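A short worksheet on the structure shown next.
The values are calculated or read from the model by the stated rules, or taken from the named source; none is laboratory data. Just so you know, these numbers come straight off a predicted model, no measurement behind them. Quick reminder, even Gly has a Cβ in these numbers, built from the backbone with ideal geometry, and neighbours come from all protein chains shown. We work out accessible area using only protein heavy atoms, side chains counted, and drop any ligands, DNA or RNA first. Shrake-Rupley method; radii C 1.70, N 1.55, O 1.52, S 1.80 Å.
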Amino acid sequence: MPGSKLSVVVTRRLPEAVETRLKELFDVELNDKDIPFSPEQLVAAMQRADVLVPTLNDNIDARVLAQAGERLRLIANYGSGFDHIDVQTARQRGILVSNTPGVLTDDTADMTLALILTVMRRFKEGSNLMQSGDWTGWSPSALLGSRLGGKRLGILGMGRIGSAVAQRARPFGMQIHYHNRKRVHPDTEAALEATYWESLDQMLSRVDILSINCPHTPSTFHLLNARRLKLLKPTAFVVNTSRGEVIDENAFTRMLRAGDLAGAGLDVFEKGHEINPRLRGLDNVMLLPHMGSATEEGRLEMGEKVIINIKTFADGHRPPDQVVPAML
Ligand code: DGY
């Protein structure tokens, strides 16, 4: 492979600088119209490419992988989450998978804090009032929210993004609690003054805000099911900037509508862009269109990571951000 130009198919438009560099380095097919690939187009791309650059919109399951061409050797995902790729099956077929970790940590953590502030301080209702033209002036009792300082923030998943959320929440005076598969290093815990909960159930009943920061894997699917959601206090807020599948969206929606939770800030949904319509129209629920990593800088750095992964592979080495099934 060294010396020959790899054939690379990219399924969505990427930042211009990234596309330009890809064109310089590889024999690349871009998606100028930026229309997501149909399942048939995806399979066809996987039959003609050496390397596929998909996004979270491309569902690369075992059925799709079974139809991949012999030449497909690398799936260099443009994104950090890889729950849309059957990594195990890809490995069995000798196809490597890489992702873009690290470069979207700060942007996602910033947005998590923004959502916490938005729902606790009722910014959406305030903005709606201003847009409606009905505001009649300052009032001592209008739109009273909850103070962040002194509140218990429960972080579900203390990886890169969870830790970055904790670092940002500390200066607001929030108390950090977390549940994670593994307890973090004592130095990290001490720096964040964080309390570890081995039992998620026990943590849920004690926090004022829950931030979902764990990946979606077979063991985190519906981790927040109806039973666990009911452990949260009725005054608690939930913020999710990770993956929608971690929460049972129907049970969650029912609780929000019934007033069994104080509010929610959601950037991700269980069925991608097909959100439960009953989530709309709730004053205490802020919905965003999966934009946690949506900064110019972040998207450029994600592209740079994709290029490094492909180039390293083309040079005969393992991509630095190779994903392995053990990470699931
Ligand atoms: C990712 O990279 O997985 C993010 O969800 C995209 O914002």
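Brief remarks follow.
- Yes/no for I155 being farther than 21 Å from V285 by Cβ, assigned to a strand (DSSP E or B) and among the aliphatic types (A, V, I, L, M): no
- As a summary of the residue check, V238 satisfies the conditions (1) farther than 30 Å from E16 by Cβ; (2) among the aliphatic types (A, V, I, L, M); (3) outside the structural domain of I155 (by TED's automatic domain parsing) except for the one numbered (3).
- Residues in the stretch 1-21 that are open to solvent by 30 Å² or more (accessible area, probe 1.4 Å), farther than 12 Å from I307 by Cα and touching a residue at least 24 places away in the same chain (Cβ under 8 Å): M1, P2, R12, P15.
- Qualifying residue in the stretch 129-140 (condition: closer than 30 Å to R206 by Cα, open to solvent by 50 Å² or more (accessible area, probe 1.4 Å) and either of a type in the set (V, I, T) or in contact (Cβ under 8 Å) with a residue 24 or more places away in the chain (or both)): no
- Scope the stretch 269-286; condition away from the ligand (no atom under 14 Å from the Cβ) and surrounded by fewer than 19 Cβ atoms within 10 Å (Cβ to Cβ); matching residues: K271, E274, I275, N276, P277, R278, L279, R280, G281, L282, D283, N284
- Only one of V87, V97, V28 that is more than 21 Å from the chain's Cα centre (by Cα), under 22 Å from T312 (Cα atoms) and surrounded by 15 or more Cβ atoms within 10 Å (Cβ to Cβ): V28
- Pairs where the first residue, in the stretch 64-79, is on the phi > 0 side of the Ramachandran plot and the second is aliphatic (A, V, I, L, M) and within 16 Å of the ligand (Cβ to nearest atom), C-beta under 6 Å, 6+ apart: G79/L56
- Total residues in the stretch 116-128 satisfying the condition of being open to solvent by 60 Å² or more (accessible area, probe 1.4 Å) and more than 11 Å from G145 (Cα to Cα): the figure is 1.
- Selection status of P289, within 15 Å of the ligand (Cβ to nearest atom), out of contact with any helix residue (DSSP H, G or I) (no Cβ under 9 Å at 6 or more places or on another chain) and outside any helix (DSSP H, G or I): yes
- Near pairs, Cβ below 8 angstrom, 6+ apart or cross-chain, from the stretch 22-44 (touching a residue at least 24 places away in the same chain (Cβ under 8 Å)) to any residue that is open to solvent by 100 Å² or more (accessible area, probe 1.4 Å): L25/K5; F26/K5
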